[in-house]
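Colleague: Dropping a structure here in structure tokens format, bear with me for questions.
The values are calculated or read from the model by the stated rules, or taken from the named source; none is laboratory data. Every value quoted in this text rests on a predicted model; they were computed, and no experiment measured them. Cβ coordinates were reconstructed from backbone atoms using ideal geometry, including for glycine residues, and neighbour counts include every protein chain displayed. Areas reflect the complete protein model, heavy atoms only, side chains present, ligands, DNA and RNA absent. Shrake-Rupley method; radii C 1.70, N 1.55, O 1.52, S 1.80 Å.
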Amino acid sequence: DANARAVRDAYYAFAGNTAPNLWLMLGDNAYEQGLDTEYQAAVFNMYPSTLRQSVLWPTLGNQDGAAADSATGTGAYYDMFTLPKSGEAGGFASGTEAYYSFDYGNIHFICLESFGTNRAVGGPMLTWLQNDLESPNQRWIVASSHHPPYSKGSHDSDVDIEMREMRQNALPI
């Protein structure tokens, strides 16, 4: 919509002719249901020149998850993105596209799936996270997920179960 175009245009005005090295999408990438048509309009039609020049690393959010299933790796989100589940971009193999890691220069990026994936200590994702953190040789580590561990805005991380579990379970790792 016009708000998304205004954000895009402000970014382009700021960046000028400089293309981003990479693009991290932190979820809720396509409203309302995470359908292919919504991605087409909100991402692919909105940023065609950026997508031709930069690698996109997405994270599944609750809006995206309406039309995707992280347990089976199916649905629009998983159909349109090919993510490094076997460690082929650096890091420890997760065996799933729901959560993964990759290296860029001296940075190790970790993408956690906080919507439809088990966030329990000892569960597959957090066990993978512990293993992944043992392997990087990069100077910097950047971890992200859709649900932030701390928020007191329109969402409250003391109430929202996904945020609370990311803070209590993932953050200590």
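Colleague: Checking Gly61 against (1) open to solvent by less than 10 Å² (accessible area, probe 1.4 Å); (2) free of Cβ contacts under 8 Å to residues at least 40 places away in the same chain, which test does it fail?
Modeller: Of everything listed in (1) open to solvent by less than 10 Å² (accessible area, probe 1.4 Å); (2) free of Cβ contacts under 8 Å to residues at least 40 places away in the same chain, Gly61 misses just condition (2).
Colleague: Take the conditions out of contact with any strand residue (DSSP E or B) (no Cβ under 9 Å at 6 or more places or on another chain), surrounded by 19 or more Cβ atoms within 10 Å (Cβ to Cβ) and touching a residue at least 40 places away in the same chain (Cβ under 8 Å) and apply them to Ala71. Does it pass?
Modeller: no
Colleague: Here's another thing I want to ask about it. Just for the stretch 28-53: of the residues that are open to solvent by less than 60 Å² (accessible area, probe 1.4 Å) and not in a helix (DSSP H, G or I), which one is farthest from Arg8 (Cα to Cα)?
Modeller: Gly34
Colleague: In addition: Is there any pair linking a residue in the stretch 13-35 that is in contact (Cβ under 8 Å) with a residue 60 or more places away in the chain and of a type in the set (Asp, Glu) to one that is outside any loop (DSSP other than H, G, I, E, B) and open to solvent by 40 Å² or more (accessible area, probe 1.4 Å), with Cβ under 7 Å and at least six apart or on different chains, and which?
Modeller: Partner pairs satisfying both residue conditions: Asp28/Asn62.
Colleague: Within the stretch 123-166, track down each residue that is modelled with pLDDT of 95 or more, in a helix (DSSP H, G or I) and charged (D, E, K, R).
Modeller: Asp132, Glu162, Arg164, Glu165
Colleague: For the stretch 115-134, what are the residues that are in contact (Cβ under 8 Å) with a residue 60 or more places away in the chain and of a type in the set (S, T, N, Q)?
Modeller: Of everything in the stretch 115-134, nothing turns out to be in contact (Cβ under 8 Å) with a residue 60 or more places away in the chain and of a type in the set (S, T, N, Q).
Colleague: Which one is surrounded by the fewest Cβ atoms within 10 Å (Cβ to Cβ) among residues in the stretch 145-163 that are out of contact with any Ser or Thr (no Cβ under 6 Å at 6 or more places or on another chain) and closer than 18 Å to Thr117 by Cα?
Modeller: Ile161
Colleague: Looking at (1) within 23 Å of Gln138 (Cβ to Cβ); (2) at pLDDT 95 or above; (3) within 17 Å of the chain's Cα centre (by Cα), can you tell me which one Gly75 breaks?
Modeller: (1)
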